[in-house]
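Report on one structure; see the data block that follows.
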Amino acid sequence: MTGTTLDDYTDRYARRVRGMTASEIRALFSVASRPEVVSLAGGAPYVAALPLDAVGEMLSRLAADHGPSTLQYGIGQGTLELRERICEVMALSGIDVGCGASPEDVVVTVGGQQALDLVARIFLDPGDVVLAEGPTYVGALGVFQAAQAQVVHVPMDGDGILPEALELAIAEVARSGRRAKFLYTIPTFQNPAGVTLTEERRERVLDICERAGLLVVEDDPYGQLSFDGEAPAPLRSRRRDGVFYLSTFSKTFAPGMRVGWILAPHAVREKLVIASEAQILCPSAFAQAAVTTYLASMPWREQLKTYREIYRERRDALLTGLADLMPAGTTWTEPKGGLFVWATLPEGLDAKAMMPRAIAARVAYVPGTGFYADGTGAGHMRLNFSFPPPERIREGVRRLAGVMEQELAMRQVFGAVGRPAARRRGQAAADAPDPGLA
Ligand code: PMP
């Protein structure tokens, strides 16, 4: 077809496509990645800290010495060798044979993102409700929206999701006659909030979900990236049934591998494999062999320590910068691991509206609105500390503080403008493009 316009396609889209809009992170990416911009916006691990020569050598041998298998199709569930190694990795976090973890129940996926998509595919019908922390991972919101599910956010404080609020949300959903299928939670070093669910609350949250007949989808990409002692054991290590455990090698090894996994209750594993085969046939044999060999022959536990040390130093640089430079009235979380700090702006400042000015001042962040299904969250921003070196982080905070001071001064001169009303996710497509992001 030549000469067609966007309008020629619009009325042909499937219903699930109508609410699809580019994530705020994607819209920012092209500007935020310019070298003059200090980007606190992304979520990229610092892969330059890998022993790149050794990894390169390993990859070339995989093709030269094992090409007939590594360059071939594989099975939908993923190779047994990798699933066994994944069980060793999970055992490090306390998910071991004692709590029923077995290679048989592991499904290898294309990153944590496909793991999320598979769970959504097998459980969500249009109109179903997913309970999730507010704020939550933007990529999960995209998956749930594509499944035409409705996300009901449950608030957190510095200790993670609030059990009382979870109970209220479950009751409210039931009263409205809708069906909540699962709680989607990132209990450890949450993206974007950086907070961790306490030991005591872990038990309460699991009890509440069990009583309500709610499945738990535990997303844990960051649990092994702790800076100040070990993280609390995952929810899956405390319950065999009803908990789906999702993780990925993206943050502990390299996101370019696109290898993640689900540890599923035994009864469900087959459905996940069938859904995955329909979607991708099988995960990449080459990437699986690379991760397997990395885990078998390279010092991956040492690499984890390296990542932790680098990120601890960068987290400290960010927290110190915020404490030294942020205007009064700004607050932020103090993560004990992971990649993100969640900052709350002084009353009246709007992180989304401020973004073009921030970009002009050569600093980028992700406005909080990206992490809520209903477009609220404009008073917050997510700041990443894994990628820029400490001195760049401090410079980024200095630039950001300058922009905020200017906004506050303008408010004093021109009076409060107020934050725009919350929108439903999906309406953004109708808006004019943000001038700073075009
Ligand atoms: N879940 C969460 C909470 C994440 O932060 C991410 C990546 N940022 C993913 C899933 C997706 O992981 P992957 O890159 O392995 O697809």
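The values are calculated or read from the model by the stated rules, or taken from the named source; none is laboratory data. Computed from a prediction, not measured in an experiment: that's the story for all the values here. A quick note on method: Cβ atoms are made from the backbone with ideal geometry, for glycine too, and the neighbour counts reach across all protein chains shown.
Please go through the range 307-355 and give me each residue that is among the β-branched types (Val, Ile, Thr) and either in a strand (DSSP E or B) or assigned by TED's automatic domain parsing to the domain that holds residue 195 (or both), ordered by number. Working first, answer last.
Applying the first criterion (among the β-branched types (Val, Ile, Thr)) to the range 307-355 yields 310, 320, 330-331, 333, 341, 344.
If the condition is that a residue be among the β-branched types (Val, Ile, Thr) and either in a strand (DSSP E or B) or assigned by TED's automatic domain parsing to the domain that holds residue 195 (or both), then 331, 341, 344 are the ones that fit.
Quick check on the range 134-167: of everything there that is in a helix (DSSP H, G or I), more than 14 Å from the ligand (Cβ to nearest atom) and of a type in the set (Gly, Ala, Ser), which residue is farthest from residue 118 (Cα to Cα)?
Here the residue is 165.
So in the range 243-264, with the set limited to residues that are near the ligand (Cβ under 8 Å from one of its atoms) and of a type in the set (A, V, I, L, M, F, W, C), which one is surrounded by the fewest Cβ atoms within 10 Å (Cβ to Cβ)?
249
Only one residue in 231, 267 is outside the structural domain of residue 311 (by TED's automatic domain parsing) and away from the ligand (no atom under 16 Å from the Cβ). Which one?
267
What pairs can you find where one residue is in the range 98-126 and closer than 11 Å to residue 273 by Cβ, the other is away from the ligand (no atom under 12 Å from the Cβ) and β-branched (Val, Ile, Thr), and their Cβ atoms are less than 6 Å apart, with a gap of 6+ or different chains?
Filtered contacts from the range 98-126: 106/86; 107/273.
Tell me which of these residue 229 doesn't satisfy, since it passes every other one: (1) more than 18 Å from residue 112 (Cβ to Cβ); (2) in contact (Cβ under 8 Å) with a residue 40 or more places away in the chain; (3) touching a helix residue (DSSP H, G or I) at 6+ places or on another chain (Cβ under 9 Å); (4) of a type in the set (Gly, Ala, Ser).
(3)
Take the conditions touching a helix residue (DSSP H, G or I) at 6+ places or on another chain (Cβ under 8 Å), within 16 Å of the ligand (Cβ to nearest atom) and not small (Gly, Ala, Ser) and apply them to residue 291. Does it pass?
yes
Identify, from the list 122, 75, the residue that is away from the ligand (no atom under 16 Å from the Cβ) and closer than 30 Å to residue 167 by Cβ.
122
Cβ contacts < 6 Å: first residue without any contact (Cβ under 8 Å) to a residue 12 or more places away in the chain and on the phi < 0 side of the Ramachandran plot, restricted to the range 130-146; second residue basic (Lys, Arg) and near the ligand (Cβ under 10 Å from one of its atoms), any location; separation 6+ or different chain. Result?
The qualifying pairs do not exist here.
May I ask you to say which residue of 174, 193, 115 is surrounded by fewer than 20 Cβ atoms within 10 Å (Cβ to Cβ) and either among the aliphatic types (A, V, I, L, M) or within 14 Å of the ligand (Cβ to nearest atom) (or both)? It would help to see each step written out before you state the result.
Working: 193 fails: surrounded by fewer than 20 Cβ atoms within 10 Å (Cβ to Cβ); 115 fails: surrounded by fewer than 20 Cβ atoms within 10 Å (Cβ to Cβ).
Of the residues listed, the single one that is surrounded by fewer than 20 Cβ atoms within 10 Å (Cβ to Cβ) and either among the aliphatic types (A, V, I, L, M) or within 14 Å of the ligand (Cβ to nearest atom) (or both) is 174.
Restrict the check to the range 79-99 and report whether at least one residue is modelled with pLDDT of 95 or more, within 16 Å of the ligand (Cβ to nearest atom), part of a helix (DSSP H, G or I) and of a type in the set (Asp, Glu).
no
For the structure I just gave you, tell me whether residue 220 is of a type in the set (D, E, K, R) and either in the same structural domain as residue 370 (by TED's automatic domain parsing) or within 30 Å of residue 287 (Cα to Cα) (or both).
Yes, satisfied.
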